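Notes for the one structure printed next.
The values are calculated or read from the model by the stated rules, or taken from the named source; none is laboratory data. What you are looking at is a predicted structure, and each value in this text was computed from that prediction instead of being measured. Using ideal geometry, Cβ is built from the backbone for each residue, glycine included, and neighbour counts are taken over all protein chains shown. Keep in mind that these areas ignore ligands, DNA and RNA; they rest on the heavy atoms of the full protein, side chains included. Shrake-Rupley method; radii C 1.70, N 1.55, O 1.52, S 1.80 Å.
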Amino acid sequence: MLTLKCPYCGVDADETDLHAGGEAHLKREGPGASDDAFEDYLFMRENPKGVHFERWRHAYGCGKWFLAARCTTTLQVFGTYPAQTLEPPQDIKDAISAQRPGWSWGNFK
Amino acid sequence: MSNAVSALNGKVAAGEVTIREAGLRGMITLRGDLNDSKIKSVCTGLTGVDFPTVGQANCVGEKGLCWMSPDELLILVPYAEVNDALAQIAKILKKKHHLAENVSDARALITVEGAYAREVLAKLAPVDLHPDSFAPGDFRRTHLGQAAAAFWMRDADTFEVICFRSIAEYVFDLLADGAKAGRVGYFD
Ligand SMILES: [Zn+2]
C-alpha cells in the first residue's frame, strides 16, 4: 500500500485517502500550439520503470493537489511537494540522486 | 420555523465504548486566507478558542475551530447561534474575499466515548492512532469504512466524529459494530 505525505496537511495519507492524477509537470499546450505539441500534451506520457513524478490529490483530506516523486519498480517514495511549481524542488532531486544516481526523467535529471 | 431534528435524533449504542449521535450542532464552513488577521479574529471572537494551526482542532464545549485545509476552516457553535454567527462573519469580513456557509443540516456529529475509543476509530480509519501520533488537539479528515469523515479528540477517551448527514446511520453502525467487537489491546 502506498503512503504519501500530504505537503499541506503534513499527514501520512494512505492510498485510500488519495486520488491519482497521472503524470506531473505537464506543460499545457493551448490555441496556437503546433499539432505535434498538442498531441504530445494530450496523449504522450512518460512510462518509466524507476523514477517517476505524479500528481496526487488528498481527496479524503484537505482536497488539494500535490506532486510526488517515487519509484514505479519498488514503490519507494522519494518525497512529495506542493503542486505550485514547474519542476521538482532541489531537495527532492537530491533525495532521488542519493538513491538512484544518474536518474533522468523527461527534461529533469 | 420548522422543528429541526438531527440525523439520528440522539441515537445511542451503549457499552464499554458508547456511540452517541450528539444532536444538532452549528457548523459553518469558512473559506478564505487563513493568514488574514480579520479572518482569524472573527473566528476566535465567535468561539473563544485559539486559532488552530495546521491539522489541529481547538474545541471547548459546543464551540470550536477545526483546520480543514490551507484555505478552509470549520467553525463550531451551538445550533441556535449559527445565524447570528454568519451575520457577524458577513459584517466583519464584508470587504474580505471569503465564503461562509451554514452546513449544520448537511452534517451529523457522533461521539465515541470510552476507554478504548481510540481502537474503535483505528479499526475504521487509515490513520496512525497511537497515543504518540494522535492526541487531543489533533484533527483528521479521512474515511471511516467507505464514508468520508473527520474526527478529533475531546479528551483522552472521547472522539468527536463528523460525517455527511445522509450517511450518518452507516457511520453510526460502523462505530457501534467496532465498539461491540470489544477491546483489542493494541495501544496498551
Ligand atoms: Zn492534505
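Some observations on this one:
- Unit charges at the beta carbon, dipole of region B:26-105: most positive-side option, B:Cys59, B:His98, B:Val77: B:His98
- Per the protein assembly as shown, cysteines lacking a partner by the 4.7 Å Cβ criterion: A:Cys62, A:Cys71, B:Cys43, B:Cys59, B:Cys66, B:Cys163
- In terms of its alpha-carbon gyration tensor, region A:8-109 comes out oblate; a/c meets the 1.5 threshold, while b/c is at least as large as a/b.
- Candidates A:Tyr41, A:Tyr60, A:Tyr81, ranked by Gaussian network fluctuation over chain A, Cα under 10 Å, top entry: A:Tyr41
- Accessible area in the full protein assembly, largest first, 1.4 Å probe, for A:His25, A:His52: A:His25, A:His52
- Between A and B, roughly 1000 Å² of accessible area is buried in total, ligands, DNA and RNA not counted and the probe set to 1.4 Å.
- Gyration tensor (alpha-carbon) shape descriptor, region B:118-188, a/c threshold 1.5: oblate
- Mean-position separation - Cα centroids, region B:1-59 and region A:1-71, in angstrom: 33
- With K and R counted +1 and D and E -1, the other residues having a Cβ less than 12 Å from that of A:Ile96 yield a net charge of +2.
- GNM top mover of B:Ser166, B:Ser133, B:Ser104 - chain B, alpha-carbon springs below 10 Å: B:Ser133
- Legend: mean number of C-beta atoms from other chains within 10 angstrom of residue C-beta atoms, peptide A:7-16, equals 5.
- Each Cα pair under 8 Å and six or more residues apart adds its sequence gap; the mean of these over the residue count of chain A is a relative contact order of 24 percent.
- Out-of-range pairs (alpha-carbon distance over 31 Å; input A:Lys49/B:Lys123; A:Lys109/B:Lys40; B:Lys63/B:Lys95; A:Lys27/B:Lys123): A:Lys49/B:Lys123; A:Lys109/B:Lys40; A:Lys27/B:Lys123
- With Cα atoms defining each centre, region B:78-140 and region B:158-177 are spaced 13 Å apart in the structure.
- Rounded percent of accessible protein surface that carbon and sulfur make up, region A:42-107, 1.4 Å probe: 49
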